[in-house]
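To keep things clear, I will list the structure first and then write my remarks on it.
The values are calculated or read from the model by the stated rules, or taken from the named source; none is laboratory data. Being a predicted model, the structure only gives us computed values, none of them experimental. Using ideal geometry, Cβ is built from the backbone for each residue, glycine included, and neighbour counts are taken over all protein chains shown. Accessible surface areas use protein heavy atoms only, side chains included; no ligands, DNA or RNA. Shrake-Rupley method; radii C 1.70, N 1.55, O 1.52, S 1.80 Å.
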Amino acid sequence: MPTTLTVPLGDRAYPIHIGEGVLDLLPEVLRQIPAKGTVGVVTDSQVGPLYAARVLELVHQAGKKCVMFSFPAGEESKRLDQMEAICGAFLEGGLDRASLIIALGGGVVGDMAGFAAGVFMRGIPFIQIPTTIVSQVDSSVGGKTGVNHALGKNTIGVFHQPKAVLIDLVLLRTLPDRELRAGIAEIIKHGVIADADLFAHMETNAAAIQDRNWSLLEYPIQRSCEIKAAVVAEDETEQGLRAILNYGHTFGHAIEAVTHYTKYLHGEAVALGMGAAGYLACDLGMVDEAFVRRQNACCTAYGLPVSWREVPVEETILAMKKDKKVRAGTLKFVLPEAVGRVILRTDITEEQVRGALEALRGPA
Ligand code: GLY
């Protein structure tokens, strides 16, 4: 059954429609947004051939003109020059202050289209139509947009909330298995940070979910969005609480950086990051070994990595120090106290981080 949640941000509140077939709501959603101009659709070379024609048809049904911009799929496209190309194509295509942008794709598309919407004509509305699990449960909600710079991931961008998010589970049918499993790492993350029942659901239903039993995936996607919406409503610009959404990401981002974004998908790096965070929390006496085993078992049930024998420990520590999350020389870690509860710690020593990365190598 389709559901609608609201991200309660006052006069910038917006709906998240979740369920099979909610893409068909697009004409109605478009009619409700006061933007009369041409619609710009941003997509990529992977998603465009699958779903752009349907989206264009729905935009036309709403009585609107449409211009599409597609770029080569992949993290390497998340650059400022690609953003300039998007804005150029939309200026040529007649988009103006009264226009609206639609993001059709995974996290890279959503981040770029959202950033384009945030700066085009100093800001126009946009709609997110995420097509991967990572983007459905994480990046499409919350208004973080931007691109990478050679000196750091997601270092150039703006907070710009969408006007609506359409999470259609039908769009996941074409998602490759590895991408599906990687996205599940972000759902497991939401379980660990805020909801033991969600975590248990992911544990119990690992086989059926990987068999693509969509009815078992709808609840975790919806619950993840609820958790994310509640956190964002309380701390939109990450002054405090929002950092909990980065559980597994301090280690994860560093692992992605040292492997040049080629060895692991984002979700896989997050699974490794949660593994390392579990070891660190255990070392600090915050959780017991049973927690570590349980979290690792849940990730493993989805084929997600929880150990990496060759992890380059010193290089990874260096990458962490470079990450933009390091402020005034302090590494910030979101660490578990139990399944469903985490806290932010800024008092972790380099030696403790080294220990957690060494533990990630697995038993000698
Ligand atoms: N993905 C973390 C956040 O949106 O804050």
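The figures follow:
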| quantity | calculated |
| --- | --- |
| Region 1-102 - percent relative contact order, Cα under 8 Å, separation 6 or more | 31 |
| Over region 186-235: Kirkwood hydrodynamic radius from C-alpha pairwise inverse distances, Å | 11.0 |
| Distance between modelled label sites at Glu358 and Ala233, nm, 7 Å Cα→Cβ extension | 4.5 |
| For Ile343, distant residues with modelled amide H under 5 Å away | Leu335, Glu337 |
| Heavy-atom accessible surface of region 1-94: percent carbon and sulfur, 1.4 Å | 55 |
| Cα centroid separation, region 84-112 to region 155-229 (Å) | 26 |
| Computed log₁₀ I(q)/I(0) - Debye formula, equal Cα scatterers, no solvent, region 281-364, q 0.10, 0.17, 0.23 Å⁻¹ | -0.27, -0.81, -1.34 |
| Contact order relative to length of the chain, as percent, for alpha carbon pairs under 8 angstrom and 6 or more apart | 15 |
| Mean separation of Cα contacts under 8 Å, 6 or more apart, over the residue count of region 207-364: relative contact order % | 24 |
| Of all accessible heavy-atom area on region 160-279, the percent that carbon and sulfur account for (1.4 Å) | 49 |
| The chain - mean residue ellipticity at 222 nm from DSSP helices (-39,500 (n - 2.57) per run, n ≥ 4, rounded to 500) | -13500 deg cm²/dmol |
| Unsatisfied cross-links (Cα-Cα over 32 Å) in the set Lys78/Lys321; Lys163/Lys321; Lys189/Lys321 | Lys163/Lys321 |
| Solvent exposure of the chain as accessible area per residue, Å², 1.4 Å probe | 40 |
| 5 angstrom amide H check on Gly248, placed H, neighbours 5+ away | Val334 |
| Tensor-based shape of region 231-354 (alpha-carbon gyration tensor, a/c under 1.5 rounded, otherwise prolate or oblate) | rounded |
| In order through region 262-277: 3J(HN,Hα) via Karplus (6.51 cos²θ - 1.76 cosθ + 1.60), integer Hz, x for Gly, Pro | 10, 7, 10, 6, 3, x, 5, 5, 5, 4, 4, x, 5, x, 5, 5 |
| Whole-Å semi-axes of the chain's equivalent ellipsoid (Cα gyration tensor) | 35, 22, 18 |
| Distance cut-off 27 Å, percentage of C-alpha pairs in region 1-152 lying past it | 15 |
| Amide H contacts of Gly40 (H built 1.01 Å from N, under 5 Å, at least 5 apart or other chain) | Val67, Leu100, Ile101, Ile102 |
| Using θ = phi - 60° and Karplus 6.51 cos²θ - 1.76 cosθ + 1.60, couplings along region 67-72 (whole Hz; Gly, Pro as x) | 10, 10, 10, 10, 10, x |
| Quotient of Cα Rg and 2.2 N^0.38 Å for region 55-117, N being how many residues it contains | 1.11 |
| Counted charge near Arg341, where neighbours are those whose Cβ lies closer than 15 Å (Asp, Glu -1; Lys, Arg +1) | -1 |
| For region 115-123, Karplus couplings with θ = phi - 60° (6.51, -1.76, 1.60), whole Hz, Gly/Pro x | 5, 4, 5, x, 10, 4, 6, 6, x |
| Per-residue SASA entry for Thr145, accessible area with 1.4 Å probe, Å² rounded to 10 | 20 |
| Local electrostatic count, Thr3, Cβ distance below 10 Å [Lys/Arg +1, Asp/Glu -1] | -2 |
| Degrees, to the nearest 10: 313-322 long Cα axis against longest axis of the chain | 50 |
| Region 1-53 shape via C-alpha gyration tensor axes, a/c threshold 1.5 | oblate |
